[in-house]
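Okay, structure first, notes after.
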Amino acid sequence: MAERTVIYPGTFDPITLGHVDVIKRATKLFDKVIIAVTTNPKKKPLFPIDERVKLVEGAVKGLNVEVDSFDGLLVDYAKGKNCTVLLRGLRELSDFAGEFQQATVNRKLHPEIETVFVMTSAKYFYLNSTVVKELASLQGNVDCFVPENVSAALKGKFGK
């Protein structure tokens with residue numbers, strides 16, 4: 001039987017416990033999970049990509065996953081990895097429209113691509129990286145929103 005591989009792409013700026021929840025659940029569904037950290041020209045990241053990769057690696061330590069980075073089209077990256085399944089986490093209904101549009105475009109560019117959506121656990125549905133960064137910038141405690149290594153990195157960025 002062929003190995004079932006999935007790519008979970010994102011900027012992960014920074015990775016949150018909601019992301020980790022989706023990753024843990026993906027490891028139960030797929031033989032191989034590749035977390036693909038990427039740039040997004042629309043966003044100005046707090047952490048450079050190499051630091052985001054390290055933060056993701058620290059956050060998923062002990063899980064059977066691969067962490068990588070890429071730049072450019074996701075479908076090209078997926079082709080290079082011989083992978084035809086993408087994973088996207090959904091928090092709330094408002095996420096669906098954008099994710100559905102992206103999945104449709106990806107499939108148009110690479111018809112073999114399938115996108116699998118996983119709902120984040122209810123305890124994380126409100127959580128996103130933007131909220132975490134805003135809270136950390138105001139010296140708020142983010143320990144219950146992000147892995148320990150990410151909390152430490154945020155405190156280092158914002159001087160607490």
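The values are calculated or read from the model by the stated rules, or taken from the named source; none is laboratory data. Because the structure is a prediction, the values reported are computed rather than measured. For neighbour counting, all protein chains shown are included, and Cβ atoms are generated from backbone atoms with ideal geometry for every residue, glycine included.
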Task: Residue selected from segment 29-66 under the condition basic (K, R) and not in a helix (DSSP H, G or I), by the criterion nearest to G89 (Cα to Cα) - done: K32
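Let's see how each residue does on (1) buried (at least 18 other Cβ atoms within 10 Å of the Cβ); (2) more than 22 Å from E134 (Cβ to Cβ); (3) polar (S, T, N, Q); (4) in contact with a strand residue (DSSP E or B) (Cβ under 8 Å, 6 or more places away or on another chain):
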site	(1), (2), (3), (4)
G18	yes, no, no, yes
V22	yes, no, no, yes
R25	no, yes, no, yes
L29	no, yes, no, yes
K32	no, yes, no, yes
A36	yes, yes, no, yes
N40	no, no, yes, no
F47	yes, no, no, no
G62	no, yes, no, no
- [ ] Taking the residues in segment 130-160 that are without any contact (Cβ under 8 Å) to a residue 60 or more places away in the chain and aliphatic (A, V, I, L, M) as candidates, determine which candidate is nearest to K54 (Cα to Cα).
- [x] A152
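Regarding L87, is this residue in contact with a helix residue (DSSP H, G or I) (Cβ under 6 Å, 6 or more places away or on another chain), modelled with pLDDT of 95 or more, among the aliphatic types (A, V, I, L, M) and not in a helix (DSSP H, G or I)?
Values: in contact with a helix residue (DSSP H, G or I) (Cβ under 6 Å, 6 or more places away or on another chain): yes; modelled with pLDDT of 95 or more: yes; among the aliphatic types (A, V, I, L, M): yes; not in a helix (DSSP H, G or I): yes.
Criteria met by L87.
Which residue is farthest from I35 (Cα to Cα), if the candidates are limited to segment 90-123 and must be of a type outside the set (D, E, K, R) and part of a loop (DSSP other than H, G, I, E, B)? Steps first, answer last, please.
So in segment 90-123, the residues of a type outside the set (D, E, K, R) come out as 90, 93-94, 96-98, 100-106, 109-111, 113, 115-122.
From what's left, part of a loop (DSSP other than H, G, I, E, B): 110-111, 113, 120-121.
Values: H110: 20, P111: 22, I113: 17, T120: 16, S121: 19 Å.
Once the filter is applied, the top-ranked residue is P111.
Test of understanding: among T16, T5, which residue is among the polar types (S, T, N, Q), modelled with pLDDT of 95 or more and more than 15 Å from the chain's Cα centre (by Cα)?
Details: T16 fails: more than 15 Å from the chain's Cα centre (by Cα).
When all the criteria are applied, what remains is T5.
Pull up segment 67-84, narrow it to residues that are of a type in the set (D, E, K, R) and in a helix (DSSP H, G or I), then point me to the one that is surrounded by the fewest Cβ atoms within 10 Å (Cβ to Cβ).
From segment 67-84, those of a type in the set (D, E, K, R) are 68, 71, 76, 79, 81; that's our starting set.
This time we only want the ones that are in a helix (DSSP H, G or I), so: 76, 79.
Details: D76: 13, K79: 15.
Across segment 67-84, the extreme among qualifying residues is D76.
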Open item on the list: Suppose we filter K32, K28 for residues that are out of contact with any His (no Cβ under 7 Å at 6 or more places or on another chain) and without any contact (Cβ under 8 Å) to a residue 24 or more places away in the chain; which single one remains?
Closed with: K28
Open item on the list: Quick check on segment 118-150: of everything there that is buried (at least 17 other Cβ atoms within 10 Å of the Cβ) and touching a strand residue (DSSP E or B) at 6+ places or on another chain (Cβ under 7 Å), which residue is farthest from A59 (Cα to Cα)?
Closed with: V118
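Just for segment 125-149: of the residues that are within 14 Å of the chain's Cα centre (by Cα) and not in a loop (DSSP other than H, G, I, E, B), which one is nearest to V20 (Cα to Cα)? Working first, answer last.
Looking only at segment 125-149, we keep the residues that are within 14 Å of the chain's Cα centre (by Cα), and these are 127-130, 146-147.
Remaining after also requiring not in a loop (DSSP other than H, G, I, E, B): 129-130.
Numbers: S129: 12, T130: 16 Å.
My answer is S129.
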Open item on the list: Give all pairs with beta carbons closer than 7 Å in which a residue from segment 102-129 that is small (G, A, S) meets a residue that is part of a loop (DSSP other than H, G, I, E, B); count only pairs at least 6 apart in sequence or on separate chains.
Closed with: S129/D13; S129/P14; S129/T16
